[in-house]
Amino acid sequence: MSEVRSRVQQNDLLLHEAVIKNEPEAVREALRRPTDVNCRNNYGRAPIHWAASRGNVEIINLLIEAKCDIEAIDKFGMRPLLMAAWHGHLPAVKTFVQAGACIAATNKKQNDILQCACARGAKDVAAYALTLGARVSSCDASGDSPLALASRAGHGAVVELLLDNGASVDAFNKVGRTALHVACEGGHCGVAGLLVARGAAREARDNSGRTPLHQAAVHRHTELVRTLLDTGCNVDATDNVSHAGLVDSYAGLLTNASRICAPGTLDIYPVVS
């Protein structure tokens, strides 16, 4: 019995390897042997997870035909549909949806299919998720909306898609930060400019009293600070811990060309997440 079990476990490993290597013929060969199509690795991932991450529809269909569990959940709460969305594979996403995968499923961070796509800049997947009824106002465990996730990563095309589909430009997360705040944290000038152009509140305060300008300054994004100042952001804004003159001092540097440091080198106060 132990010898049979060992042989099956070896076949399970071969199936994983065949899927990871993205080789349909090797997958077919592995499936002809005694094997568990839902066998897991140390991360709780089954072969169908790997197929989803690679976006190989042929292999996905082979595993589905072999009766794999399309709702298998790994240790991070990721299902194959979410994995395909995360990696931006629209044909794979459609294959899972057509096979009956739960489109409302979320991972351990409560990211759904739309949020996974937005965080990774997969505009076509995000657009498809919206046609399936994904909520543009949904929030993950941190309170981040799809718009915030796209803004944090600097995905301007996705940001525009979400705004065009009714996303609230000033929605805030659990620490009170808007999409403009998180775009400024990451130094994404293009996204920040787009959000401002679409009406984002430039003086919005997070739970620490910080404005988007504070966030750009504290993370030393020199060019973005210039951009925000050009839009009329208040350099005298104070936060809840009285960093009163710090942004103002930064603005002073910007107005004096002889004193401007190289972009990204100004150290006006400590980075706080």
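FYI, it's all coordinate maths here, none of it is from the lab. Keep in mind that what you see is a predicted model, and the values were worked out from it rather than measured. Positions of Cβ are backbone-derived with ideal geometry, glycine not excepted, and every protein chain shown enters the neighbour counts.
For region 87-225, what does the convex hull of the Cα positions come to per residue, in cubic angstrom?
In region 87-225, the Cα convex hull volume per residue is 93 Å³.
With a bin width of 5 angstrom, please list the P(r) values of region 112-191 as percents of all Cα-Cα pairs, from the 0 bin to the one holding the largest distance.
3, 20, 32, 28, 14, 3, 0
Would you kindly derive the ³J(HN,Hα) couplings of region 53-68 from the backbone phi angles with the Karplus curve 6.51 cos²θ - 1.76 cosθ + 1.60 (θ = phi - 60°), listing them in order in whole Hz, with x for Gly and Pro?
Taking θ as phi minus 60°, the curve returns 5, 8, x, 7, 5, 4, 5, 4, 5, 4, 5, 5, 5, 8, 6, 5 Hz for region 53-68.
Could you calculate, for region 31-75, the ratio of the Cα radius of gyration to the Kirkwood radius, expressed as Rg to Rh?
Rounded to two decimals, Rg/Rh equals 0.94.
How would region 143-230 be classified by its alpha-carbon gyration tensor: rounded, prolate or oblate, with rounded meaning a/c under 1.5 and the a/b versus b/c comparison settling the rest? Kindly include the intermediate steps, with their values, before the conclusion.
Numbers: a/c = 1.68, a/b = 1.23, b/c = 1.37.
Oblate shape, in that a/c is at least 1.5 and b/c is the bigger or equal ratio.
Mind putting a number on the dipole of region 63-219 about its Cα centre? Charges go on the C-beta only, +1 for Lys and Arg and -1 for Asp and Glu, and I need it in Debye to the nearest 20.
240
So how long is each side of region 59-118 along the principal axes, counting just the alpha-carbon atoms, biggest first, in Å?
30, 22, 16
For the chain, what is the per residue volume of the convex hull drawn over the alpha-carbon atoms, in cubic angstrom?
Taking the convex hull of the Cα positions in the chain, it is 141 Å³ per residue.
Can you work out ³J(HN,Hα) from phi for every residue in region 12-29, in order, using Karplus 6.51 cos²θ - 1.76 cosθ + 1.60 and θ = phi - 60°, giving whole Hz and x for Gly and Pro?
4, 5, 4, 5, 4, 4, 5, 5, 4, 6, 6, 10, x, 5, 5, 5, 4, 5
Among Asn22, Gly44, Ala85, whose Cα sits farthest toward the positive end of the charge dipole of the chain (+1 at Cβ of Lys/Arg, -1 at Cβ of Asp/Glu, about the Cα centre)?
It is Gly44, whose Cα lies furthest towards the positive end.
Scan around Gly77 for amide H atoms under 5 Å from its own, H built in the peptide plane at 1.01 Å from N, and keep only partners 5 or more places away or cross-chain.
Distant-sequence amide H within range of Gly77: Lys108.
For Val57 and Ala141, calculate 0.36 nm times their separation in residues minus their Cα-Cα distance, and state this gained length in nm to one decimal. Mind showing how you got there, number by number?
Numbers: separation 84, 0.36 × 84 = 30.24 nm, distance 3.07 nm.
Gain on extension, Val57 to Ala141, equals 27.2 nm.
For the chain, what is the calculated [θ] at 222 nm in deg cm²/dmol (nearest 500), taking -39500 (n - 2.57) for each run of four or more DSSP H residues and dividing by its residue count?
Computed ellipticity for the chain at 222 nm equals -14000 deg cm²/dmol.
So for the chain, if I pair up every lysine 8 or more residues apart or on another chain, how many of those pairs have alpha-carbons under 17 Å apart? Intermediate results must be reported in sequence, preceding the final value.
On the way: Lys75/Lys108; Lys75/Lys109; Lys94/Lys123; Lys108/Lys174; Lys109/Lys174.
Within the chain, the lysine pair count is 5.
Using a simple charge model, +1 on the beta-carbon of Lys and Arg, -1 on the beta-carbon of Asp and Glu, nothing else, what dipole does the chain show about its Cα centre, in debye to the nearest 20?
Working: 28 positive and 28 negative charges, 85 e Å.
That gives a dipole near 400 debye.
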